[in-house]
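Throughout, read-outs are computed from the coordinates displayed, never taken from laboratory work. Keep in mind that this is a model prediction, so the values were computed, not measured. Counting neighbours? That spans all protein chains shown, and the Cβs are built from the backbone with ideal geometry, glycine included.
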Amino acid sequence: MLWSIGSRQKADKKAIYGCYVQAYTNGDVYEGEFHKGKCNDSGVYYYYMSGRYEGDWVDGKYNGHGVETWARGSRYRGQYRQGLRHGFRVYRFYTGDVHSQRRG
């Protein structure tokens, strides 16, 4: 299911441009920008009952800066490249421990 947020949906689903809310059958929800039917630019992806990702997207993959937050309260803040963690990052565990590193 797709809801528009101030943009028009084109008839071809692969040609969707603009800001939308996309609800998936597994309970996940994406709220943000689409380009050619894929998550692009900035958006938030809510994983059903397990956490969320908020940040930059390119062609449906995490790319740029983003924050992952899990249901128990742990958080990853850092950089991504083509859907993978890359570059400087900081993990904050639900226990309060913090770990930072640079990779890539």
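Quick notes
- Legend: ranking of residues Ser42, Ser100 from fewest to most surrounding C-beta atoms inside 10 Å; resulting order Ser100, Ser42.
- Note on Arg75 and Phe93: the extension gain reaches 5.9 nm, defined as 0.36 nm multiplied by sequence separation minus the Cα-Cα distance.
- Amide H contacts for Asp28 (H built 1.01 Å from N in the peptide plane; partners 5 or more residues away or on another chain; cut-off under 5 Å): Tyr48.
- In sequence order, calculated HN-Hα J values of region 35-40 (Karplus, 6.51, -1.76, 1.60; Hz; x Gly/Pro): 9, 6, x, 10, 4, 8
- Length-normalised contact order of region 2-103 in % [C-alpha pairs under 8 Å, at least 6 apart]: 14 percent
- Across region 54-69, coupling constants 3J(HN,Hα) worked out from phi with the 6.51/-1.76/1.60 Karplus curve, θ = phi - 60°, read 10, x, 8, 9, 9, 6, x, 10, 4, 7, x, 9, x, 10, 9, 10 Hz, and Gly and Pro carry x.
- With distances taken between every two different alpha-carbon atoms, region 2-103 has a Kirkwood hydrodynamic radius of 14.4 Å.
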